[in-house]
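Undergrad: Right, I'll just put the structure down here and ask away after.
The values are calculated or read from the model by the stated rules, or taken from the named source; none is laboratory data. Keep in mind it's a predicted model, so treat the numbers as computed, not measured. Glycine gets a Cβ as well: all are built from the backbone with ideal geometry, and neighbour counts include every protein chain shown.
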Amino acid sequence: MSDYLDANNEELLKDFFSEAEQQVETLESNILVIENDPSNHDAIDEIFRAAHTLKGGSATVEMTELATFCHEVEDLLDALRSGSVSVSEPIVDVLLSAIDTIKAMLEARSSGTVYDADTDPIVKKIMSFIPEKGEKKKSAPVKLPAGMLGSASVAKSEPQMVPAAAGADTGMPPVPPISAEELSELNDAVQDGQKLWTVNVTFDESNPMNSVGGIQVFAALKNCGTVLKTVPDFEALYEDEFHPQVVYYIASSAEQSVLEDVAFLDDVTTATDAHLVESSAAAPVKEQPALVKEEPKEEPVQTAAPAEKEAAPQTVQKQESVPATTENLQQAKKSIQQPSHAVAQTGSILRVDSKRVDNLMNLVSETVITKAAFNQNGLHMADLQIRLQNLNSAYKEKQHHLIDSFPKLVESIQAGMSLKDARQKFVEEVGGMIGLFDVFENDFKASSSKYRSTTQNLGRITSELQEGVMKIRMVPIGTIFNRFPRVVRDLSKDLGRKVDLVIEGEDTELDKTVVDDLLDPIMHCVRNSVDHGIEPPERRLELGKKETGTLTLKASNEGNMIVIDIIDDGEGINVEKVREKAIKKGLISPNKVLSNQEAYNLIFLPGFSTSDKISSVSGRGVGLDVVKTMIEKLKGTISVTSEKDKGSKFSIRLPLTLAIIQGLLVRVGKEIYSIPIANVIESQRVKRETISTIDNYEVLNVRNEVISILRLNRLFNIRRSDESEYCFIVIVGSQEKKIGVMVDALIGEEDVVIKPLHDQFTSSPGIAGATVLGDGSVSLIIDVSQLLELGVKQELDAQQLREAEAIKSAGRS
């Protein structure tokens, strides 16, 4: 239990931050739901549950600032749930602002600091919406029973214990008894140098967070030892219920006064009482007078005389030991106040459906069965090998016997044996040799058939295992789509637009590594659509449109690719305006004639923006060029189509995973390369003489389209032993940008596992990674986007070199 509540436990913190992120997403998405549908009570209940879970979890890991703030938000949510407050736009705004504050608190804690900004303004806003919500009640001082020396106060900095008379009421609820077996187990858990204590704590019901007080005291006491048991159990403490008394059984080397003082928390507890547990009793035995600590006052008082003489030496001993433990007490309190350490960002948590894990377990069990089948086949093949060796020896003996019998057979013929008898004798000798391998042949065929069947079964299991592991890594794209309702809401309010967001295909799955890097590109496209696409309501009405624009986020599968469309029904891309901006920035010449698609592609250039003014959303020329760069890093492509006054559509095409891809294996010289199938448009076998040269560029005419040719052997300096009449051209790229890669042979398609390159190979141009082929050889994987850039650069360098040589030759003449 103490490990679970260790605020410095890295695994606990990872789990907490992962859970907190989900709860924040639940809060935000459901708040936007009730904005559009205030009568949706299920959404309101879900919001309240998420806030309460977040409050309890933050208290568990000692993030008191977050727990306190969530409690304030919970008050407003409770008012919404009860119907005393109705959903309105100001309430939605303040709740979303509160969520932003919660995000900031979580971000601060994850980086190892504590959120220290002033939350009073937003708390006052929250309270202003709650009817009859006055100031919080202050914790009332503890009233001790009559007859006890408690009318005078005890200083909190130097706690003094007030013993009651023998047999008198201590003012503390009794410690519930435990069984002898439980006591024995607790004593067994106590380590050398420690003692078993009970710490009896009563709590202040007026505390706004009284339901998590038991957890807070638990977290404080664990700095003094190991908390072995609580009454009630910890699971009950974690529920949203106030417990007036909690008893903690702790193994500690600390003194009684230290335990009582550490367990006493301002505005949380009312009294603490620690006692040593005797191992001979089935319940804690109170041999000493009960000690009750009062609320701190200004003046210290002396303790009363002990009621029994036997208690006097113990009391004196404790008074003498208090100064020696003051330093320990300060260290314990200091450790309570320290913020949690930052979570090591070494990995992320992936939530997986248990059915997928069960499927993997079934496949693993089938793999084990197949392994056993291979072992049996191996044993059978070893047996067949021994039999073959024996048969081979027998065959050689018969062969020698046959050779030795030839002279005798000739002598028999010469002696008068008929040819018929000689032939029959020879057939008998040879016949024994011919049928020697018949049984072995049948057994070998049966073993080969069984081996092929087992191999096919292994191939099926491997494919299903690969698919199962890929599904483990797959997450629905809704994890990022669900963040955009808030983004679109805030953007539309800032820009004075009215926008309805439609999300389709949020259950479409893709690799988590792709999802992690996909948020920013989609964010840029959405911001672009809202800012540049959707018109202001007045303009839309003038054009005969609805004043509320529609922005659609759509995801779908196409083979082993995922397509993400960002569609708006705005004004579209103004081709003439794009052309003017491009000429102004010197990107194109004034005389160049642009097609619509060429104009659309200009918006992906660095520094390009059609916005006339700089704002927090646009105008700086940073956005779509970043989108294109990031998508290409994910081995994907992005395209845009548009129609004037009808809208625009950004289409992002990505592979489902970056770990395993389909590759086209090609041979150049003696080297084997893999080209991602997603980048291959087509391949052709051509005669070398059909390759033409235009301005020293090698080109190929493919259906009246001129394709530039790039020779891989020249790019990678590969020596070729022969020049055959034919070669293969693999056309790669996209519809807008193509290049023909010349190779010697096409080997075929194969699933390749991408392995990253390290050390000096990381900067190799045109190489995305490597894979190991079935024969154990290594094949480099071509990076097509870099290949296109390299091809263009190579041709430009060659052209400049030729021009320089031409100038030199002209100077000589």
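Undergrad: Which one of the conditions (1) modelled with pLDDT of 75 or more; (2) out of contact with any His (no Cβ under 7 Å at 6 or more places or on another chain) does residue 305 fail to meet, given that it meets all the rest?
TA: (1)
Undergrad: Just give me the residues in the range 706-716 being out of contact with any Lys or Arg (no Cβ under 9 Å at 6 or more places or on another chain) and outside any helix (DSSP H, G or I), in sequence order.
TA: If the condition is that a residue be out of contact with any Lys or Arg (no Cβ under 9 Å at 6 or more places or on another chain) and outside any helix (DSSP H, G or I), then 706, 709, 710, 711, 716 are the ones that fit.
Undergrad: Residue 635 fails exactly one of the following numbered conditions: (1) farther than 30 Å from residue 463 by Cα; (2) among the basic types (Lys, Arg); (3) not assigned by TED's automatic domain parsing to the domain that holds residue 770. What is the number of that condition?
TA: Residue 635 satisfies every listed condition except (1).
Undergrad: Report every pair of residues separated by at least 6 positions or lying on different chains whose Cβ atoms are under 6 Å apart, first residue within the range 191-211 and free of Cβ contacts under 8 Å to residues at least 40 places away in the same chain and under 22 Å from residue 238 (Cα atoms), second of a type in the set (Asp, Glu) and surrounded by 14 or more Cβ atoms within 10 Å (Cβ to Cβ).
TA: Correct list of pairs: empty, since none qualify.
Undergrad: Name the single residue that is surrounded by the most Cβ atoms within 10 Å (Cβ to Cβ) among those in the range 1-38 being modelled with pLDDT under 75 and of a type in the set (D, E, K, R).
TA: Looking at residues that are modelled with pLDDT under 75 and of a type in the set (D, E, K, R), I get 6.
Yes/no matrix, rows are residues, columns are (1) surrounded by 12 or more Cβ atoms within 10 Å (Cβ to Cβ); (2) more than 21 Å from residue 708 (Cβ to Cβ); (3) at pLDDT 65 or above; (4) not assigned by TED's automatic domain parsing to the domain that holds residue 730:
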site: 762; (1), (2), (3), (4): no, yes, no, no
site: 766; (1), (2), (3), (4): yes, no, yes, no
site: 772; (1), (2), (3), (4): yes, yes, yes, no
site: 779; (1), (2), (3), (4): yes, yes, yes, no
site: 784; (1), (2), (3), (4): yes, no, yes, no
site: 787; (1), (2), (3), (4): yes, no, yes, no
site: 794; (1), (2), (3), (4): yes, no, no, no
site: 799; (1), (2), (3), (4): yes, no, no, no
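Undergrad: Follow-up question, since we're still on this one. Among 212, 247, which is touching a Pro at 6+ places or on another chain (Cβ under 9 Å) and either modelled with pLDDT under 85 or hydrophobic (A, V, I, L, M, F, W, C) (or both)?
TA: Of the residues listed, the single one that is touching a Pro at 6+ places or on another chain (Cβ under 9 Å) and either modelled with pLDDT under 85 or hydrophobic (A, V, I, L, M, F, W, C) (or both) is 247.
Undergrad: Looking at the range 362-413 only, could you name the residues that are over 23 Å from residue 441 (Cα atoms), touching a residue at least 40 places away in the same chain (Cβ under 8 Å) and among the hydroxyl-bearing types (Ser, Thr, Tyr)?
TA: If the condition is that a residue be over 23 Å from residue 441 (Cα atoms), touching a residue at least 40 places away in the same chain (Cβ under 8 Å) and among the hydroxyl-bearing types (Ser, Thr, Tyr), then 367, 370 are the ones that fit.
Undergrad: I need the full set of residues from the range 667-705 which are within 18 Å of residue 755 (Cα to Cα) and part of a strand (DSSP E or B), in order please.
TA: 671, 672, 673, 674, 675, 676
Undergrad: Filter the range 630-653 down to the residues that are at pLDDT below 85 and in a strand (DSSP E or B) and list them by number.
TA: Residue satisfying the conditions is 637 alone.
Undergrad: Going through 450, 425, 371 one at a time, which residue ends up being surrounded by 11 or more Cβ atoms within 10 Å (Cβ to Cβ), touching a His at 6+ places or on another chain (Cβ under 9 Å) and in a helix (DSSP H, G or I)?
TA: None of the other options fit; the residue is 450.
Undergrad: Moving on. Sort through 627, 578, 593 and tell me the only one that's modelled with pLDDT of 80 or more, over 27 Å from residue 514 (Cβ atoms) and either out of contact with any strand residue (DSSP E or B) (no Cβ under 6 Å at 6 or more places or on another chain) or assigned to a helix (DSSP H, G or I) (or both).
TA: So the residue among 627, 578, 593 that is modelled with pLDDT of 80 or more, over 27 Å from residue 514 (Cβ atoms) and either out of contact with any strand residue (DSSP E or B) (no Cβ under 6 Å at 6 or more places or on another chain) or assigned to a helix (DSSP H, G or I) (or both) is 578.
Undergrad: Now for a different question. Return the pair list, or none, for Cβ contacts closer than 8 Å from residues in the range 105-117 that are in the same structural domain as residue 24 (by TED's automatic domain parsing) and over 19 Å from residue 55 (Cβ atoms) to residues that are modelled with pLDDT under 85 and crowded, with 19+ Cβ neighbours inside 10 Å, at least 6 apart or on different chains.
TA: Going by the 8 Å Cβ cut-off, the qualifying pairs are 112/340.
Undergrad: Checking residue 356 against (1) closer than 30 Å to residue 13 by Cβ; (2) among the basic types (Lys, Arg); (3) at pLDDT 90 or above, only one condition comes out false. Which one?
TA: (3)
Undergrad: Please go through the range 242-265 and pick out each residue that is within 15 Å of residue 223 (Cα to Cα), touching a strand residue (DSSP E or B) at 6+ places or on another chain (Cβ under 6 Å) and outside any helix (DSSP H, G or I).
TA: 248, 249, 250, 251, 252, 264
Undergrad: I would also like to ask the following. Which of the residues belonging to the range 266-279 are part of a loop (DSSP other than H, G, I, E, B), within 26 Å of residue 206 (Cα to Cα) and of a type in the set (A, V, I, L, M)?
TA: 268
Undergrad: Another question, if that's okay. Any idea which of (1) assigned to a helix (DSSP H, G or I); (2) more than 21 Å from residue 441 (Cα to Cα); (3) free of Cβ contacts under 8 Å to residues at least 24 places away in the same chain is the one residue 416 doesn't satisfy?
TA: The one condition residue 416 does not meet is (1).
Undergrad: How about the range 464-485: which of its residues are among the charged types (D, E, K, R) and within 12 Å of the chain's Cα centre (by Cα)?
TA: The one that is among the charged types (D, E, K, R) and within 12 Å of the chain's Cα centre (by Cα): 473.
Undergrad: Which numbered condition in (1) touching a residue at least 12 places away in the same chain (Cβ under 8 Å); (2) in the same structural domain as residue 562 (by TED's automatic domain parsing); (3) over 17 Å from residue 567 (Cβ atoms) is the only one that residue 493 fails?
TA: Only one criterion is unmet by residue 493, namely (1).
Undergrad: Okay, next question. Restricting to the range 548-564, and then to whatever is modelled with pLDDT under 90 and more than 22 Å from the chain's Cα centre (by Cα), can you tell me which residue is surrounded by the most Cβ atoms within 10 Å (Cβ to Cβ)?
TA: 559
Undergrad: Touching a helix residue (DSSP H, G or I) at 6+ places or on another chain (Cβ under 6 Å), in contact (Cβ under 8 Å) with a residue 40 or more places away in the chain, under 29 Å from residue 74 (Cα atoms) and among the β-branched types (Val, Ile, Thr): is that true of residue 217 in this structure?
TA: Spelling it out, residue 217 is indeed touching a helix residue (DSSP H, G or I) at 6+ places or on another chain (Cβ under 6 Å), in contact (Cβ under 8 Å) with a residue 40 or more places away in the chain, under 29 Å from residue 74 (Cα atoms) and among the β-branched types (Val, Ile, Thr).
Undergrad: Looking only at the range 717-728, which residues are touching an Asp or Glu at 6+ places or on another chain (Cβ under 9 Å) and in a strand (DSSP E or B)?
TA: 727, 728
Table: residues versus (1) under 30 Å from residue 367 (Cα atoms); (2) at pLDDT 90 or above.
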residue: 380; (1), (2): yes, no
residue: 390; (1), (2): no, no
residue: 400; (1), (2): no, no
residue: 412; (1), (2): no, no
residue: 418; (1), (2): no, no
residue: 431; (1), (2): no, no
residue: 453; (1), (2): yes, yes
residue: 465; (1), (2): yes, no
residue: 473; (1), (2): yes, no
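Undergrad: Could you list, in sequence order, the residues of the range 170-229 that are among the hydrophobic types (A, V, I, L, M, F, W, C), more than 43 Å from the chain's Cα centre (by Cα) and assigned to a helix (DSSP H, G or I)?
TA: 180, 183
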